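Engineer: Here it is: the structure, laid out below.
The values are calculated or read from the model by the stated rules, or taken from the named source; none is laboratory data. Everything numeric in this text was worked out from a predicted model, so none of it was measured. Reconstructed Cβ throughout: ideal geometry from the backbone, glycine too, with neighbour counts over all protein chains shown. Side chains included, ligands, DNA and RNA excluded: accessible areas come from the protein's heavy atoms. Shrake-Rupley method; radii C 1.70, N 1.55, O 1.52, S 1.80 Å.
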Amino acid sequence: MSITGGDVVDLGTGLYAWLPPQRGWGLANCGLLVSPRGALWIDTPYDPVLAGQFLAESRKRLPEGVSVDRVVVTHANGDHFWGAGVLPDAEIIATREAREHIHYDPTPQQQHALVTGSDPATPLGAYLGRHFGAFDWSATEPVRPTTYFTGELELTVGDYAVEITALPPAHTTGDLMVHLPAQRTVFSGDVIFSSTEDRPGDHPVHWAGPLSNVIGACEQVLATGAEVIVPGHGPVLDRAGVREHIGYLSYVRERAHALHAAGVPATEAARRVIAEGRYPALGLPERLVVTIGSEYRDLDGTDLPGVLQVMSEVAAVAHATELTVTGGGPE
Ligand SMILES: [Zn+2]
């Protein structure tokens, strides 16, 4: 089974956002900037099927003779750049720091083997199958950025300026944001996961942190003066939506610090924050295991464990939460 569909939102002045058809792990937003003399993607979908769909939608909007020849990668999670294989000749731009995260994450084919080869009778195998089983990376080669930068980079696409700013470690090591001044828009990548009443989203997941850096990145987004903010996941926001998201992040940070000070271990702290149920519309509350774990590591000065260990804890908490919610055993 693969995921199909998605909305193309016309943001005006040659700029579009592609929003995937549903929420969930790996379903990220992408951008397309079109000019008479070139076109650029901001991020790519997760697998070749979704990337092919975004490419088909992009081509409908390109002038004769123009192709998508550059991709800006907001950060090095696969759901934002593994689809670049559908643009084999494109320049792929990332921060120098993103290289570290590329080495942390599995390659596409390693991930495919993990998802399809894990025992579905274990919480981890069931979780990976349920949340990642619809993607197909069986033939996806690793994507390597072709251009790395540090600090700031300004590009020109036709007449449009594209201002790219590297951010301190937040969602991952090597995040960046893309400001399009003529369009008064920022693509924030995963420093923002949005949710609105008519389009509920998921709890954020932050691999690097600390949350003060994530909050600082949200403030940098607002400081551009942009009116339209396209987050990494979830619906397009206005400035008030970003401020509301800062409220969510501040709540999680405050709870994590209080529970850390009380000597509560990280995964138990995540369980308690989930049980508080402060944001019931958001999906994937088990991702608080990762985000609160990152906050604890910053407080304790320890390193991020391997991705499999982290995902095993996430799956175990999801499994236990389902048992509590449904009161029954696994289906
Ligand atoms: Zn993402």
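Engineer: Solvent-accessible area per residue for the chain at a 1.4 Å probe radius, Å²? Write down the numbers at each step before the final one.
Structural biologist: Details: 13740 Å² over 331 residues.
With the other protein chains kept in place, the chain gives 41 Å² per residue.
Engineer: Dipole size in debye (nearest 20) for the chain around its Cα centre, Lys and Arg Cβ +1, Asp and Glu Cβ -1? Don't skip to the end; give the middle numbers.
Structural biologist: Details: 21 positive and 40 negative charges, 41 e Å.
Around 200 debye, computed over the chain.
Engineer: Let me ask something additional. Sorted by accessible area (1.4 Å probe), largest first, how do GLU244, GLU64, GLU227 line up? Could you put the intermediate results ahead of the total?
Structural biologist: Working: GLU244 135, GLU64 180, GLU227 90 Å².
Largest accessible area first, the list is GLU64, GLU244, GLU227.
Engineer: Another question, if that's okay. Which one of VAL66, VAL221, VAL290 has the biggest mean-square fluctuation once the chain is modelled by GNM with Cα springs under 10 Å?
Structural biologist: In the Gaussian network model the winner is VAL66.
Engineer: Please get the size of the charge dipole for region 1-125, origin at its Cα centre, with Cβ charges of +1 on Lys and Arg and -1 on Asp and Glu, quoted in debye to the nearest 20. Provide the component values of the computation, followed by the final result.
Structural biologist: Numbers: 8 positive and 14 negative charges, 46 e Å.
Once rounded to the nearest 20, the dipole reads 220 debye.
Engineer: What FRET efficiency would be calculated for the residue pair GLU197, THR122, taking the C-beta separation as r and a Förster radius of 51 Å, to the nearest 0.05?
Structural biologist: Working: r = 36 Å, r/R0 = 0.71.
It comes out at approximately 0.90.
Engineer: How would region 188-331 be classified by its alpha-carbon gyration tensor: rounded, prolate or oblate, with rounded meaning a/c under 1.5 and the a/b versus b/c comparison settling the rest? Don't jump to the answer; show the numbers that get you there.
Structural biologist: Working: a/c = 1.96, a/b = 1.33, b/c = 1.47.
Oblate.
Engineer: So what's the back-of-envelope 222 nm ellipticity for the chain, counting only DSSP H runs of four-plus at -39500 (n - 2.57) apiece and dividing by all residues, rounded to 500?
Structural biologist: On the way: 10 runs with 124 residues, N = 331.
After summing the helix terms and dividing by residue count, I get -11500 deg cm²/dmol.
Engineer: Please list, by residue number, everything in region 286-324 whose backbone N is under 15 Å from a paramagnetic label point 7 Å out along Cα→Cβ of ARG272.
Structural biologist: 289, 292-293, 296
Engineer: Continuing with this model, one more query. Rounded, prolate or oblate: which one fits region 110-165, using the alpha carbon gyration tensor with axes a ≥ b ≥ c (rounded when a/c is under 1.5, else prolate when a/b beats b/c, else oblate)? Mind showing how you got there, number by number?
Structural biologist: Numbers: a/c = 3.41, a/b = 3.09, b/c = 1.10.
Because a/c hits 1.5 or more and a/b exceeds b/c, region 110-165 counts as prolate.
Engineer: Quick one: the Cα spread of region 7-326 along its three principal axes, in angstroms, biggest first?
Structural biologist: For region 7-326, the Cα spread along each principal axis is 59, 42, 37 Å.
Engineer: For LEU308 and ALA262, calculate 0.36 nm times their separation in residues minus their Cα-Cα distance, and state this gained length in nm to one decimal.
Structural biologist: Extra length from LEU308 to ALA262 when fully extended: 13.8 nm.
Engineer: With r as the distance between the Cβ atoms of THR146 and ALA182 and R0 = 41 Å, compute the FRET efficiency 1/(1 + (r/R0)^6) and round to 0.05. Walk me through the numbers before you get to the answer.
Structural biologist: On the way: r = 26 Å, r/R0 = 0.63.
According to the calculation, E is roughly 0.95.
Engineer: Shape of region 141-233 from its Cα gyration tensor (a ≥ b ≥ c, root eigenvalues): rounded if a/c is under 1.5, otherwise prolate when a/b > b/c, or oblate?
Structural biologist: Numbers: a/c = 1.55, a/b = 1.16, b/c = 1.34.
Oblate.
Engineer: While we're looking at this one, here's another question. Apply the Karplus curve 6.51 cos²θ - 1.76 cosθ + 1.60, θ = phi - 60°, to the phi angles in region 270-280 and return the couplings in whole Hz, x for Gly and Pro.
Structural biologist: 4, 4, 5, 5, 4, 5, 5, x, 5, 10, x
Engineer: Then there's this: How large, in percent, is the carbon and sulfur part of the accessible surface of region 165-216 at a probe radius of 1.4 Å?
Structural biologist: Details: 700 of 1360 Å².
About 51 percent, which is the carbon plus sulfur part of the accessible surface.
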